[in-house]
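Note sheet for the following structure.
The values are calculated or read from the model by the stated rules, or taken from the named source; none is laboratory data. Note that the coordinates shown come from a computational prediction; the quantities given were computed from them, not determined experimentally. A quick note on method: Cβ atoms are made from the backbone with ideal geometry, for glycine too, and the neighbour counts reach across all protein chains shown. Areas reflect the complete protein model, heavy atoms only, side chains present, ligands, DNA and RNA absent. Shrake-Rupley method; radii C 1.70, N 1.55, O 1.52, S 1.80 Å.
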Amino acid sequence: MQDLILDHISKSYGELKVLEDLSLKLRAGGRYALMGKSGIGKTTLLRLILGLELPNSGVLEPAPGSLRMSVVFQEDRLFPSADAVRNICAATRGLSADTAIDALSAIAPDIDIRTPVSDLSGGQRRRVAVLRALLHPSDLLIMDEPFTGLDTASRQKVLGYIDSHIDGRLFIMSTHDRDDALKLGCEIIEL
């Protein structure tokens, strides 16, 4: 894994400047939390890193798509008619159902693994989305507001699970909660 370098990145949507001349060096294996008020560009920056958006100017190195990435989007993006285990295994070829079940028992013991995710609560679906990203082999792990919809007890379990399963990957998350970032040992980047 190599460092991720953002060199003079700017992004606008029409007349709206979202990011302007942003330069960052994110160390391989580092942990980072993007913070700032809503609408400041956190999600846009993550989408640029993922290659889902193109900057108006500037360069990302390595180029998006050249790293193995796993991601938790703001919306869960699960297969509604599939159960939690199938949703987790769908992202990673060769991941066993037993591995998914063990992970679910660690942070979501309240989930009936036979239930379609469309019938789960928002917090339960969020934990499935987090596990799907964590269990996928990657060099870069991105999480956009990973704790949305989680109660305090679930949030603490998920924080601990993420912390113990980052496994040396470059980790970038967006959050509004400084305590969550600090519990994960993240360097805070204010946008």
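Output the residues belonging to region 129-150 that are under 25 Å from residue 38 (Cα atoms) and either of a type in the set (Phe, Trp, Tyr) or at pLDDT 95 or above (or both).
As a first pass, look at region 129-150 and keep what is under 25 Å from residue 38 (Cα atoms): 129-130, 133, 140-150.
Matches in region 129-150: 129, 130, 133, 140, 141, 142, 143, 144, 145, 146, 147, 150.
Looking at region 94-114, is at least one residue surrounded by 14 or more Cβ atoms within 10 Å (Cβ to Cβ), over 19 Å from residue 162 (Cβ atoms) and either of a type outside the set (A, V, I, L, M) or at pLDDT 95 or above (or both)?
Taking every residue of region 94-114 in turn, none turns out to be surrounded by 14 or more Cβ atoms within 10 Å (Cβ to Cβ), over 19 Å from residue 162 (Cβ atoms) and either of a type outside the set (A, V, I, L, M) or at pLDDT 95 or above (or both).
For residue 62, are the conditions met, namely being more than 23 Å from residue 162 (Cβ to Cβ) and either within 15 Å of the chain's Cα centre (by Cα) or in contact (Cβ under 8 Å) with a residue 60 or more places away in the chain (or both)? Spell out the reasoning first.
Values: more than 23 Å from residue 162 (Cβ to Cβ): yes; either within 15 Å of the chain's Cα centre (by Cα) or in contact (Cβ under 8 Å) with a residue 60 or more places away in the chain (or both): yes.
When the stated conditions are applied, residue 62 passes them.
How many residues does region 163-180 hold that are open to solvent by less than 10 Å² (accessible area, probe 1.4 Å) and outside any helix (DSSP H, G or I)?
Pass one, region 163-180, residues open to solvent by less than 10 Å² (accessible area, probe 1.4 Å): 166, 170-175, 180.
Still in the list and also outside any helix (DSSP H, G or I): 166, 170-175.
Here the count works out to 7.
Pick from 7, 21, 76: which is of a type in the set (Asp, Glu), open to solvent by 40 Å² or more (accessible area, probe 1.4 Å) and either in contact with a Pro (Cβ under 7 Å, 6 or more places away or on another chain) or in contact (Cβ under 8 Å) with a residue 40 or more places away in the chain (or both)? Working first, answer last.
Working: 21 fails: either in contact with a Pro (Cβ under 7 Å, 6 or more places away or on another chain) or in contact (Cβ under 8 Å) with a residue 40 or more places away in the chain (or both); 76 fails: open to solvent by 40 Å² or more (accessible area, probe 1.4 Å).
Of the residues listed, the single one that is of a type in the set (Asp, Glu), open to solvent by 40 Å² or more (accessible area, probe 1.4 Å) and either in contact with a Pro (Cβ under 7 Å, 6 or more places away or on another chain) or in contact (Cβ under 8 Å) with a residue 40 or more places away in the chain (or both) is 7.
Filter region 36-58 down to the residues that are open to solvent by 70 Å² or more (accessible area, probe 1.4 Å) and either in contact with a Lys or Arg (Cβ under 8 Å, 6 or more places away or on another chain) or of a type in the set (A, V, I, L, M, F, W, C) (or both) and list them by number.
52, 54, 56, listed by residue number.
Among the residues in region 136-148, are any out of contact with any strand residue (DSSP E or B) (no Cβ under 9 Å at 6 or more places or on another chain), open to solvent by 40 Å² or more (accessible area, probe 1.4 Å) and without any contact (Cβ under 8 Å) to a residue 24 or more places away in the chain?
So far as region 136-148 goes, no, none of its residues is out of contact with any strand residue (DSSP E or B) (no Cβ under 9 Å at 6 or more places or on another chain), open to solvent by 40 Å² or more (accessible area, probe 1.4 Å) and without any contact (Cβ under 8 Å) to a residue 24 or more places away in the chain.
Is at least one residue of region 3-17 among the polar types (S, T, N, Q) and assigned to a loop (DSSP other than H, G, I, E, B)? Give the steps one after another, and end with the answer.
First, pick out the residues of region 3-17 that are among the polar types (S, T, N, Q): 10, 12.
Cutting the leftovers down to assigned to a loop (DSSP other than H, G, I, E, B) gives us none.
No - not one qualifying residue is present in region 3-17.
Inside region 19-42, can you point out the residues that are farther than 14 Å from residue 140 by Cα, aliphatic (A, V, I, L, M) and modelled with pLDDT of 95 or more?
Within region 19-42, 19, 22, 24, 34, 35 qualify.
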